[in-house]
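All remarks here apply to the structure that follows.
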Amino acid sequence: MTKAMFSQNLRFLPAPFALNDHLLDSQHDGLFECLNALSKLSGDSADYLCNEIMSDLTGKMAQHFDYEEALMKKIGLKGELFDEHVAAHTAIMDEISHIHLTSISGGYGASSKLAPKVSAWVLSHIMKFDLGLKPLIEEANRKN
Ligand SMILES: [Fe+2]
Ligand SMILES: [Fe+2]
């Protein structure tokens, strides 16, 4: 992953990240919209806004993981692949709530430090886990 990918506008996911499930792709886009907003925070209201965005991001992530896991079942992902993917979602939710709580209590002087870290996780999760769903999603799309 190059640095350029993190600094570009992440409002719309680059084409290689599209999984060809409309809701899933728009949810991924929504996560990057939050991350983009997080990366642009500066000034006096940054910490307050950081909390707002982190709440929004946490909610969107929970909703997204629920949908993605239901989709995984629907397209026939089973066994270890399913379990490991769900475990990765749980780990991200745990991390994100830990970070959110830390930022609420003022533990992060600069909220701007959060954005690259969280973006990196989300991107690496999508690359390591979500992209593997694409062939199954496309197969299910063809059958419908
Ligand atoms: Fe995932
Ligand atoms: Fe995902």
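The values are calculated or read from the model by the stated rules, or taken from the named source; none is laboratory data. Model, not experiment: these values are computed from the prediction. Virtual Cβ from ideal backbone geometry, glycine too; neighbours counted across all protein chains shown.
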Which one of the conditions (1) among the hydrophobic types (A, V, I, L, M, F, W, C); (2) over 16 Å from the mean Cα position of the chain (by Cα); (3) assigned to a helix (DSSP H, G or I) does Met61 fail to meet, given that it meets all the rest?
(2)
Going through Met61, Met72 one at a time, which residue ends up being within 13 Å of ligand 2 (Cβ to nearest atom) and farther than 21 Å from Cys34 by Cβ?
Met72
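Determine which member of the set Leu71, Leu114, Leu57, Leu133 is at pLDDT below 80 and within 23 Å of Pro14 (Cβ to Cβ).
Details: Leu71 fails: at pLDDT below 80; Leu57 fails: at pLDDT below 80; Leu133 fails: at pLDDT below 80.
The match here is Leu114.
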I'd like the residue in segment 60-97 that is surrounded by 13 or more Cβ atoms within 10 Å (Cβ to Cβ) and in contact (Cβ under 8 Å) with a residue 60 or more places away in the chain and, out of all such residues, is farthest from Lys117 (Cα to Cα).
Ile75
Output the residues belonging to segment 37-51 that are under 17 Å from Ser119 (Cα atoms) and surrounded by fewer than 17 Cβ atoms within 10 Å (Cβ to Cβ).
Lys40, Asn51
Selected residue (only one of Leu77, Leu57, Leu35, Leu31 is aliphatic (A, V, I, L, M), within 16 Å of ligand 1 (Cβ to nearest atom) and touching a Cys at 6+ places or on another chain (Cβ under 9 Å)):
Leu57
